[in-house]
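Novice: A single structure is presented below for examination.
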Amino acid sequence: MKKFYPILLTVAGSDCSGGAGIQADMKTACALGVYAASVVTAVTSQDSRGFFRSHVMPPHVVDEQLRTVLADLRPGVVKVGMLGSEGNVRTVARALRESCRAPVVVDPVLGSTSGGRMLDAGGVGAMVDELFPLATLVTPNAPEAEALSGCRVRSVEEARFAARRLLACGAGAALVTGGHLPGDDITDVLCMADGTEAGFISPRVATRNLHGTGCTLSSAIACMLALGHPLKEAVGRAVSYMHNAIRAGADVDFGSGAGPVNHGYDPVPMHICGGKY
Ligand code: PXL
């Protein structure tokens, strides 16, 4: 019997400080025992104090990386994060349509909390039109859900409404994360195209070490899908990993500002699957 690794392919931007973007995706995959391959869409300069600059890759460079990986590896899941430009959104959507059958988790990254812009104006509409219909799941936070749905998202009820709007754009499911909403508990709202809805509640942790939480949660969900868990269970496991990783890094000093979560608080060995490849 052939043996193989469950593979996450992340298509995202680099964060040189290591807490978000591609680096967060790969650390998450590593901690969950999943192999990570990566396509770099942008190189950002940022640290615990803020976001300084972003150099977005030209679409042909993204296309070349993506087609190279997909020609040789068979990822169990693809996670799409920062894309930077409308050209990259269209390029990634085309390559995935043509060469990939794996589930796709789209984290519609528009900007960082620290003020960096991560997708140009034309990219927002292209993301909804071209990438959402390919997505098994989209994972906006509340401000992203507002920008993408045009609905106000300041409460859990409004998050549910926006999630349903995003489903109407063609995504298979939408998880609107609740970290930006007020309250001692955080509720992440999942709505699926079959009408199923679920809320995932975790206690809020008092810390400023929250850099990269969006990237980490969406890649943890993607990894759980690559490991074979059904969507709702994958989200539940990922929310719990995320909460534990925040808690485990909550009181660690990092640089001089907002630090990362502790991705490796309880690493599991790399999974090896058997069967037909
Ligand atoms: O979490 C959003 C995000 C995505 N991608 C990159 C980032 C960030 C946040 O800082 O740096 C590269």
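Novice: Between residues in the range 90-109 that are within 16 Å of the ligand (Cβ to nearest atom) and residues that are assigned to a loop (DSSP other than H, G, I, E, B) and hydroxyl-bearing (Ser, Thr, Tyr), which pairs lie under 8 Å by C-beta distance while being six or more apart or on different chains?
Specialist: Within 8 Å, the pairs are VAL105/THR136; VAL105/THR139; VAL106/THR139; ASP107/THR139; PRO108/THR139.
Novice: Contact list please: Cβ distance under 6 Å, first residue in the range 111-139 and within 20 Å of THR44 (Cα to Cα) and within 14 Å of the ligand (Cβ to nearest atom), second residue among the β-branched types (Val, Ile, Thr) and open to solvent by less than 10 Å² (accessible area, probe 1.4 Å), pairs at least six apart or on different chains.
Specialist: Partner pairs satisfying both residue conditions: GLY123/VAL89.
Novice: Oh, and also: In the range 141-178, how many are under 17 Å from VAL109 (Cβ atoms), open to solvent by 40 Å² or more (accessible area, probe 1.4 Å) and among the small types (Gly, Ala, Ser)?
Specialist: Going through the range 141-178 one residue at a time, the tally reaches 1.
Novice: Which one is nearest to the chain's Cα centre (by Cα) among residues in the range 80-120 that are surrounded by fewer than 24 Cβ atoms within 10 Å (Cβ to Cβ) and in a strand (DSSP E or B)?
Specialist: Across the range 80-120, the extreme among qualifying residues is GLY111.
Novice: Would you pick out the residues in the range 72-91 that are touching a Gly at 6+ places or on another chain (Cβ under 7 Å) and either of a type in the set (Lys, Arg) or within 19 Å of ALA20 (Cα to Cα) (or both)?
Specialist: Scanning the range 72-91 gives GLY81, MET82, LEU83, GLY84, SER85.
Novice: Hey, another quick one. Quick one: GLY13 ticks every box in (1) part of a strand (DSSP E or B); (2) open to solvent by 10 Å² or more (accessible area, probe 1.4 Å) bar one, so which box is it?
Specialist: (2)
The values are calculated or read from the model by the stated rules, or taken from the named source; none is laboratory data. This structure is a prediction, so every number in the text was calculated from the model and none was measured. Cβ coordinates were reconstructed from backbone atoms using ideal geometry, including for glycine residues, and neighbour counts include every protein chain displayed. What goes into the accessible areas is simple: the full protein's heavy atoms, side chains included, and nothing from ligands, DNA or RNA. Shrake-Rupley method; radii C 1.70, N 1.55, O 1.52, S 1.80 Å.
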